[in-house]
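Here is the structure we will look at.
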Amino acid sequence: MQLINPWSSQQYKDYAKLRDQFGIQEFKFDLPDAPPIFRRGVIFGHRGFEYIYRSIMKKEKFGVLTGLMPSGKMHFGHKMTIDQVAYYQRMGADVHIAVADIEAYASRGISLEKAKEIALEEYVPSYIALGLDPERTEVYFQSRRIEVKDIAWKLSRKVNLSEFLAIYGFSGETNMTHIFSPLIQVGDILHVQYEKFGGRRPIIVPVGVDQDPHMRLTRDIVDRWRMFSISPQDRGLGVFYKGEDVRKKLERAREMLKERGYKKFEMNIPYKALYILDAGKEDYLEVESTLISLEEEFNPNVFYPPAATYHRLMTGLTGGKMSSSIPESAIFLTDTPEEAKKKVRNAKTGGRATLEEQRKYGGEPEKCTIYELFVYHLVEDDSHLREIYESCRSGERACGHCKKEAAELLGEWLEEFHERREWAKDFVKNVVSWD
């Protein structure tokens with residue numbers, strides 16, 4: 001069985017296999033005015049996105065939690081996440097960004113002070129320049145937020161070491177700060193549902209598939225602390241309660257569900273069950289949100305299960321994983337246009353060894369880092385993207401043509417972005433929270 005490691009340089013290619021192995025659902029949502037990566041298969045899977053889709057379509061409140069690892073320079077692989085965050089913000093979400101300074105210290109030995117410097121000088125101005133609204137965006141530091149650390153130690157009572165070893169593959173040599181850091185991420189993801197940060201509401205966490213262990217862990221912990229559960233029945237939906245004062249809690253649940261329009265119920269106290277006879281599978285989210293509102297009255301550890309979307313990881317320009325620690329593999333957002341163009345000219349492509357072979361056999365855009373740049377970032381027009389793909393596959397288009405086009409598009413984008421980034425520096429202090 002394959003192990004997903006959030007801290008490795010491992011590449012993932014068979015995303016369908018990963019979906020099947022780890023129970024990730026295929027992403028099939030038709031979102032309004034969504035960026036190209038949503039319709040091009042770059043967002044390939046999800047957990048619990050139904051809540052977010054419902055919130056977007058019904059214009060109900062929801063939030064976004066994302067994080068940055070302050071360990072190097074921001075590159076185009078990171079940009080892909082912020083493109084998604086900016087979209088959700090346009091759809092009405094509030095945005096919270098965690099500076100993962102505890103994780104950076106635990107896994108990479110970066111001091112908290114250095115992490116602060118990298119975050120404020122490298123990442124936050126770029127986030128604002130990429131389209132985040134400073135007035136509706138909060139950036140905070142893991143090490144400074146007491147609510148994050150409180151959740152980490154309180155909710156981890158229902159997690160054991162064997163489970164951690166199975167999820168993360170930690171060994172006897174792993175330092176304890178590193179072992180504890182995933183629980184800090186649980187705190188990051190969940191604390192934004194506290195009243196102080198917006199209250200109980202659906203939260204979306206857009207990540208690369210390498211971060212799925214954190215999402216599985218967090219969703220499992222949420223489930224373990226819940227007092228109510230829901231199960232489809234032959235007749236409607238069954239609501240089950242595992243706490244004390246069973247009759248009182250089930251009667252309260254029935255009362256709240258009646259206010260939502262449900263009328264037919266059966267109660268079975270010995271089974272601690274309330275059956276909603278006029279509810280179907282399509283009512284699951286409505287019933288769930290009602291029960292969360294009820295449970296909030298007496299269970300301080302009840303949360304909406306966080307949703308996640310999973311995007312493909314960008315291939316580095318050299319063919320491996322795009323990484324801040326390998327400068328030639330990545331286009332950094334602070335690269336000059338000339339630096340970026342040079343990297344594009346030296347990038348690995350899906351072309352054949354010679355122009356003659358390219359004309360004869362056609363190229364392989366699926367293996368091309370330049371074509372990935374077109375798909376993920378540089379080409380908005382789907383018809384033009386299709387023309388690039390087909391002309392490459394037929395052998396009509398040579399690699400030099402694609403590299404020239406990519407270099408020009410990239411140079412123009414970076415020139416405009418650097419202007420916005422200079423403007424954005426004035427707003428950094430407005431988005432950072434120090435508690």
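Need the failing condition index for G63 against (1) touching a His at 6+ places or on another chain (Cβ under 9 Å); (2) farther than 30 Å from H418 by Cα; (3) modelled with pLDDT of 95 or more, just the number.
Going through the list (1) touching a His at 6+ places or on another chain (Cβ under 9 Å); (2) farther than 30 Å from H418 by Cα; (3) modelled with pLDDT of 95 or more, G63 breaks only (2).
Go over the candidates S433, S383 one by one and state the one that is loosely packed, with under 14 Cβ neighbours inside 10 Å, modelled with pLDDT of 95 or more and not hydrophobic (A, V, I, L, M, F, W, C).
The unique qualifying residue is S383.
Restricting to the stretch 90-114, name every residue that is crowded, with 18+ Cβ neighbours inside 10 Å and touching an Asp or Glu at 6+ places or on another chain (Cβ under 6 Å).
Result: H96, A98.
Picking from A100, A129, which residue would you name as being over 21 Å from P6 (Cα atoms) and either in contact (Cβ under 8 Å) with a residue 60 or more places away in the chain or of a type in the set (A, V, I, L, M) (or both)?
A129
Within the stretch 393-403, identify whether any single residue is under 17 Å from T318 (Cβ atoms) and surrounded by fewer than 21 Cβ atoms within 10 Å (Cβ to Cβ), and answer yes or no.
Yes, because at least one residue in the stretch 393-403 is under 17 Å from T318 (Cβ atoms) and surrounded by fewer than 21 Cβ atoms within 10 Å (Cβ to Cβ).
Given the conditions (1) modelled with pLDDT of 90 or more; (2) under 30 Å from R420 (Cβ atoms), report the number of the one that V159 does not fulfil.
Status for V159: all satisfied but (2).
Can you tell me which of (1) within 15 Å of V432 (Cα to Cα); (2) surrounded by fewer than 23 Cβ atoms within 10 Å (Cβ to Cβ); (3) touching a strand residue (DSSP E or B) at 6+ places or on another chain (Cβ under 6 Å) is the one E117 doesn't meet?
Looking at each condition in turn, E117 falls short on (3).
Is at least one residue of the stretch 125-132 under 23 Å from P36 (Cβ atoms), surrounded by fewer than 18 Cβ atoms within 10 Å (Cβ to Cβ) and in the same structural domain as E173 (by TED's automatic domain parsing)?
Taking the stretch 125-132 first, the residues under 23 Å from P36 (Cβ atoms) are 126-132.
Restricting the remaining residues to those that are surrounded by fewer than 18 Cβ atoms within 10 Å (Cβ to Cβ) gives 131.
Within this subset, residues satisfying the condition of being in the same structural domain as E173 (by TED's automatic domain parsing) are 131.
Scanning the stretch 125-132, I find at least one residue that is under 23 Å from P36 (Cβ atoms), surrounded by fewer than 18 Cβ atoms within 10 Å (Cβ to Cβ) and in the same structural domain as E173 (by TED's automatic domain parsing), so the answer is yes.
I'm checking my understanding of the structure. Among residues of the stretch 259-285 that are charged (D, E, K, R) and more than 26 Å from F49 (Cα to Cα), which one is surrounded by the most Cβ atoms within 10 Å (Cβ to Cβ)?
My answer is K272.
For the stretch 110-160, enumerate the residues that are within 21 Å of the chain's Cα centre (by Cα) and of a type in the set (F, W, Y).
Residues satisfying the conditions are Y123, Y127, Y140, F141.
Take I388 and decide whether it is out of contact with any Phe, Trp or Tyr (no Cβ under 8 Å at 6 or more places or on another chain), assigned to a helix (DSSP H, G or I) and outside the structural domain of P125 (by TED's automatic domain parsing).
Considered against the rule, which asks whether it is out of contact with any Phe, Trp or Tyr (no Cβ under 8 Å at 6 or more places or on another chain), assigned to a helix (DSSP H, G or I) and outside the structural domain of P125 (by TED's automatic domain parsing), I388 comes out as no.
From I184, I221, I189, which residue is surrounded by 22 or more Cβ atoms within 10 Å (Cβ to Cβ) and under 14 Å from the mean Cα position of the chain (by Cα)? Working first, answer last.
Numbers: I184 fails: under 14 Å from the mean Cα position of the chain (by Cα); I221 fails: under 14 Å from the mean Cα position of the chain (by Cα).
Within the list I184, I221, I189, the selection yields I189.
Taking the stretch 290-321 as the region of interest, how many residues are of a type in the set (G, A, S) and either surrounded by 19 or more Cβ atoms within 10 Å (Cβ to Cβ) or within 23 Å of F38 (Cα to Cα) (or both)? If you could, list the steps in order and put the result at the bottom.
Applying the first criterion (of a type in the set (G, A, S)) to the stretch 290-321 yields 293, 307-308, 316, 319-320.
Filter once more, keeping what is either surrounded by 19 or more Cβ atoms within 10 Å (Cβ to Cβ) or within 23 Å of F38 (Cα to Cα) (or both): 307-308, 316.
Here the count works out to 3.
One residue is enough: does the stretch 281-293 have a residue meeting the conditions among the acidic types (D, E), in a loop (DSSP other than H, G, I, E, B) and either touching a Ser or Thr at 6+ places or on another chain (Cβ under 6 Å) or more than 30 Å from M69 (Cβ to Cβ) (or both)?
no
Counting just the residues of the stretch 200-231 that are among the charged types (D, E, K, R) and outside any helix (DSSP H, G or I), which one comes out nearest to R157 (Cα to Cα)?
R226
Looking only at the stretch 48-83, count every residue that is within 18 Å of Q211 (Cα to Cα) and among the β-branched types (V, I, T) and tell me the total.
4
Out of (1) exposed (fewer than 15 other Cβ atoms within 10 Å of the Cβ); (2) in contact (Cβ under 8 Å) with a residue 40 or more places away in the chain; (3) over 29 Å from G187 (Cβ atoms), what's the single condition that is false for E255?
Of the numbered conditions (1) exposed (fewer than 15 other Cβ atoms within 10 Å of the Cβ); (2) in contact (Cβ under 8 Å) with a residue 40 or more places away in the chain; (3) over 29 Å from G187 (Cβ atoms), the odd one out for E255 is (2).
Do we find a residue being closer than 25 Å to F180 by Cα and of a type in the set (S, T, N, Q) anywhere in the stretch 47-55?
no
For the stretch 137-188, enumerate the residues that are among the small types (G, A, S) and either part of a loop (DSSP other than H, G, I, E, B) or farther than 30 Å from N430 by Cα (or both).
Restricting attention to the stretch 137-188, the residues satisfying the condition of being among the small types (G, A, S) are 143, 152, 156, 162, 166, 169, 171-172, 181, 187.
Selection gives S156, S162, A166, G169, S171, G172.
The values are calculated or read from the model by the stated rules, or taken from the named source; none is laboratory data. Keep in mind it's a predicted model, so treat the numbers as computed, not measured. Heads up, the Cβs are rebuilt from the backbone with ideal geometry, glycines too, and the neighbour counts pull from every protein chain shown.
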